[in-house]
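Worksheet: the structure to be examined is printed underneath.
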Amino acid sequence: MYNTLFKHIRDTCPSYTEEHFNTLMKRIQVKEVTKKEVFFKEGNECNYGGYVFKGCLRYYKTNSDGEDLVTQFAFEDHWVGDVNSLVNGGPSKMSLQALENCTIMALHKKDFKYLVEECPGFSKFQRTKRDRAYDAALERTVDVNESAEERYKKLLKRYPQISQRIQLYHMASYLGLTPESLSRIRKNLY
């Protein structure tokens, strides 16, 4: 488990040293999150962030009609959390819920903040991850100009295992479609 995390960090940030990793390991807590459990909730302060070792989660916002709108998925080898809430305090802008039983190598907000402020390797790693997340969000914004079928194909390309792991209505929500519309698209493709 720890070797997987170290490899992930080194792949992202080659200058990350074993000394940096040892500092991180002193603060990591392994958390088991059960299917349907909410890891953090929109409007509340995010107390933990971390690395998804096993499982799948969804980020979502709840609209004024009480509907959950899926904004992102997180599978193995992803980092989860609301960085702004972790570092600066204040409410999270969305919720994170497990869609499967998950194992998360978690950092409490005080440890996360300490690492960002005091560990140059972790700070550099987090900046790199934040930059990549920004690029992915920007690409998703551009995707709204594509057809629903093209957005679905991109989702399958990015997450090949998604159809086996996530319910249709979550995928439809992420794509801005009704489950019925997504079913029609899938039927036409296969």
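Please treat every number below as a calculation from the coordinates, not as lab data. All values derive from a computational prediction rather than experimental measurement. As a convention, Cβ positions derive from the backbone with ideal geometry for all residues, glycine included, and neighbour counts pool all protein chains shown.
Three semi-axes describe the equivalent ellipsoid of the chain; taken as square roots of 5 times the Cα gyration tensor eigenvalues and ordered largest first, they are 31, 18, 16 Å.
Count Lys and Arg as plus one, Asp and Glu as minus one, and take only other residues whose Cβ is under 15 Å from that of Y169; the net charge is then +2. Build a GNM of the chain with springs between Cα atoms under 10 Å apart, and of Y16, Y134, Y48 the one that fluctuates most is Y134.
In a DSSP loop and with at most 12 other Cβ atoms within 10 Å, the GluC sites (Glu not before Pro) in segment 143-178 are E146. The distance separating the Cα centre of segment 158-180 from that of segment 39-95 comes to 18 Å. Axis of helix 179-189 versus longest Cα principal axis of the chain: the two differ by about 80°, to the nearest ten degrees.
In this label model, K54 and E32 are separated by 0.9 nm, measuring between points 7 Å along each Cα→Cβ vector. Subtracting the Cα-Cα distance of E117 and L156 from their residue separation scaled by 0.36 nm leaves 10.3 nm.
For the chain, the longest principal axis of the alpha carbon atoms and the long axis of helix 109-118 meet at an angle near 60°. Taking L99, L69, L177 in turn, the Gaussian network model of the chain (Cα-Cα springs below 10 Å) assigns the largest fluctuation to L177.
For the chain, a Gaussian network of Cα nodes joined below 10 Å ranks Q161, Q97, Q29 by mean-square fluctuation, and the top entry is Q161. Our helix-only sum for the chain, with -39,500 (n - 2.57) per DSSP H run of n ≥ 4 divided by its residues, gives a mean residue ellipticity at 222 nm of -14500 deg cm²/dmol. The ellipsoid equivalent to the alpha-carbon distribution of segment 55-108 has semi-axes of 19, 17, 8 angstrom, derived from the gyration tensor eigenvalues as √(5λ) and listed largest first.
Neighbours of V52 by Cβ distance under 9 Å: Lys/Arg scored +1, Asp/Glu scored -1, total -1.
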